[in-house]
Amino acid sequence: MTVTVRFAPSPTGRIHIGNARTALFNWLFALNNKGRFIQRFDDTDIARSKQEFADSILYDLHWLGIFPDVTEYQSRRFEVYDAAVERLKSAGVLYACYETPEELDLRRKVRRTRGLPPVYGREALTLSPEQVAEYQSDGRRPHWRFLLPNFTADPLQPERTEVHWTDLVRGEETVDLASLSDPVLVREDGTYLYTLPSVVDDIDMGVSHVIRGDDHVTNTGVQIALFKALSAEPPVFGHHNLLTTASGEGLSKRTGALSIESLRETGIEPMAVASLAVLVGTSENVAAVPNMVELASHFDPAATSKSASKFDPDELFVLNRALLHHMPFSEARDRLMVLGVSGDQAEPFWLAVRGNLDKLADAVGWWRILRDGPQEPQDFSTDDRAFLREAVDLLPEDPWNGAVWKEWTGKIKEASGRKGKALFMPLRLALTGLPSGPELADLLPLMGREGTLARRP
């Protein structure tokens, strides 16, 4: 059996870090099992679904390092769902209902007052032909519910009916179908809700494993019943914990909280996002993992906590710095070139500054300093100014190499008697205009003798 997974967001907004967690779990599972990854857009809600959002989701996935084997759109498969509906109707497990939302709400309230669970009471099954005709003459159109197999003989007498499965993440899971309302599969306007297209597509596309958030656990009980009603073997299910903001709030596409787009625009590396999205809330230590193959080696669905995990963006910057500090020049070369950092000095420059970067784009600032000198004029004391002028007079002659800084500061120390911060801080400020940064021993050869002389105060 070929392992086949899918990621099925609705293209009604931009995906956030919680959505990315689901996509990454599926991608890494496929990598570890040499399987297939299907990108499937749940776009049956024609009014809210937009192609621009589908395109942005694909862009975000590619940026993260996820490359689907195939991309599908549910809006192009209505004929397949129509056929499934007819099968269910013929089997007597899809029935027409005519209640308005207001009527349904009133019935739920009545059931609560009687101490009963607020589930649908299957009143539509008791409608006479005359009542149906009256509803239709009033202009009502039916919505269609799936009759859950939670009764022995009389559907009006539901009884506890347990659906069991071994969850990839949570272990043994159970859902009681008697505690649930028969789900609506088809709306009054003939459009489909999530459940039916999802199951039909999983069957048709050979999905072997469904990995998604634990807010779908109850849905899984319903879907397993629907798989069986369509004479299909259910896939293996796994439900990972959800991510919240650092303050504990849920994530939403509508609010744009922690969207992948916003993280990318902030300058965060994709593997920093992927590392934190996958490893937070698991038994693995959160660390900056440089590539997907290595991240896959750390991935185990069963190692995921059952409780929600907080996603702290501040941790992203820690991981981002770690990735940049160890990033080889070969990986950074093309991106640096786009930023204007190129030529023979590009590689030694990168090796010199990478350990001081929060974001890769920060390298531009150091490139300008090396080329043009400090970006802000420095106000030195009279003593420091005299010290710096004497220091510049002691500059070694060409050629310059990695030993020039040690040679130069040795001469300065001997001539001035200064040492420690009193020696090094004025030199750093004169050379870079900043009180901290990359090792001057690495920067000085890049500045060259003439460039260093030009920084004399």
task: Spot the failing condition for residue 351; the list is (1) more than 14 Å from residue 431 (Cβ to Cβ); (2) at pLDDT below 95; (3) in contact with a helix residue (DSSP H, G or I) (Cβ under 9 Å, 6 or more places away or on another chain), and only one is missed.
output: (2)
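For residue 369, are the conditions met, namely being crowded, with 16+ Cβ neighbours inside 10 Å and either within 30 Å of residue 323 (Cα to Cα) or in contact with a Pro (Cβ under 6 Å, 6 or more places away or on another chain) (or both)?
Details: crowded, with 16+ Cβ neighbours inside 10 Å: yes; either within 30 Å of residue 323 (Cα to Cα) or in contact with a Pro (Cβ under 6 Å, 6 or more places away or on another chain) (or both): yes.
It is true that residue 369 is crowded, with 16+ Cβ neighbours inside 10 Å and either within 30 Å of residue 323 (Cα to Cα) or in contact with a Pro (Cβ under 6 Å, 6 or more places away or on another chain) (or both).
Considering only region 265-348, give the helices (runs of 4 or more DSSP H) lying wholly within it that have at least 3 residues that are over 16 Å from the mean Cα position of the chain (by Cα). Please lay out each step first, then the result.
Details: elements: 270-279, 292-297, 313-325, 329-338.
It comes to 292-297, 313-325, 329-338.
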message: Considering only region 10-24, I want to know if a residue exists there that is closer than 24 Å to residue 241 by Cα and part of a strand (DSSP E or B).
response: yes
task: Find the residue count for region 376-406, including only residues that are under 21 Å from residue 441 (Cα atoms), of a type in the set (A, V, I, L, M, F, W, C) and in a helix (DSSP H, G or I).
output: 6
statement: Only unsatisfied item for residue 432, checking (1) within 18 Å of residue 454 (Cα to Cα); (2) hydroxyl-bearing (Ser, Thr, Tyr); (3) loosely packed, with under 14 Cβ neighbours inside 10 Å, is (3)
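Do you know which residues across region 64-85 are under 17 Å from residue 38 (Cα atoms) and not hydroxyl-bearing (Ser, Thr, Tyr)? Before the answer, list the steps.
Filtering region 64-85 down to residues under 17 Å from residue 38 (Cα atoms) leaves 64-77.
Listed by number, the residues that qualify are 64, 65, 66, 67, 68, 69, 70, 72, 74, 76, 77.
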Tally, over region 43-73, of residues that are outside any loop (DSSP other than H, G, I, E, B), touching a strand residue (DSSP E or B) at 6+ places or on another chain (Cβ under 9 Å) and in contact (Cβ under 8 Å) with a residue 60 or more places away in the chain: 2
message: So in region 69-87, with the set limited to residues that are among the aliphatic types (A, V, I, L, M) and farther than 18 Å from residue 141 by Cβ, which one is surrounded by the most Cβ atoms within 10 Å (Cβ to Cβ)?
response: 84
- request: For region 123-182, name all the residues that are loosely packed, with under 11 Cβ neighbours inside 10 Å, polar (S, T, N, Q) and in contact with a strand residue (DSSP E or B) (Cβ under 9 Å, 6 or more places away or on another chain).
  value: 174
- request: Would you mention how many residues in region 25-42 are acidic (Asp, Glu) and in a helix (DSSP H, G or I)?
  value: 0
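Given the criterion in the same structural domain as residue 260 (by TED's automatic domain parsing) and exposed (fewer than 12 other Cβ atoms within 10 Å of the Cβ), identify the matching residue among 102, 52. Break it down into steps so the answer makes sense when it comes.
On the way: 102 fails: in the same structural domain as residue 260 (by TED's automatic domain parsing).
None of the others qualify; the one that does is 52.
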task: Might you check whether a residue that is within 30 Å of residue 214 (Cβ to Cβ), surrounded by 15 or more Cβ atoms within 10 Å (Cβ to Cβ) and β-branched (Val, Ile, Thr) occurs anywhere in region 311-325?
output: yes
query: So which pairs qualify, if the first residue must be in region 140-162 and farther than 16 Å from residue 175 by Cα, the second must be exposed (fewer than 15 other Cβ atoms within 10 Å of the Cβ), the Cβ gap must be under 6 Å, and the two must be at least 6 apart or on different chains?
result: 141/188; 143/188
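Going by the structure shown, is residue 447 crowded, with 19+ Cβ neighbours inside 10 Å and part of a helix (DSSP H, G or I)? First the steps, then the outcome.
Details: crowded, with 19+ Cβ neighbours inside 10 Å: yes; part of a helix (DSSP H, G or I): yes.
Yes; evaluated as a whole, the condition is true for this residue.
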Which numbered condition residue 75 fails, given (1) hydroxyl-bearing (Ser, Thr, Tyr); (2) in contact with a Pro (Cβ under 6 Å, 6 or more places away or on another chain); (3) within 27 Å of residue 251 (Cβ to Cβ): (2)
- prompt: Filter region 180-210 for residues that are among the acidic types (Asp, Glu) and outside the structural domain of residue 307 (by TED's automatic domain parsing); which is nearest to residue 226 (Cα to Cα)?
  reply: 182
task: With the checklist (1) buried (at least 19 other Cβ atoms within 10 Å of the Cβ); (2) closer than 27 Å to residue 183 by Cβ in hand, flag the one item residue 66 doesn't pass.
output: (2)
message: Condition (residue is under 35 Å from the mean Cα position of the chain (by Cα), among the basic types (Lys, Arg) and either outside any loop (DSSP other than H, G, I, E, B) or in the same structural domain as residue 335 (by TED's automatic domain parsing) (or both)) applied to region 74-82: is it met by at least one residue?
response: yes
query: Looking at this structure, is residue 227 under 29 Å from residue 82 (Cβ atoms), surrounded by 16 or more Cβ atoms within 10 Å (Cβ to Cβ), of a type in the set (Phe, Trp, Tyr) and within 21 Å of the chain's Cα centre (by Cα)?
result: no
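The values are calculated or read from the model by the stated rules, or taken from the named source; none is laboratory data. Being a predicted model, the structure only gives us computed values, none of them experimental. Note that each Cβ is placed from the backbone with ideal geometry, even for glycine, and that neighbours are counted across all protein chains shown.
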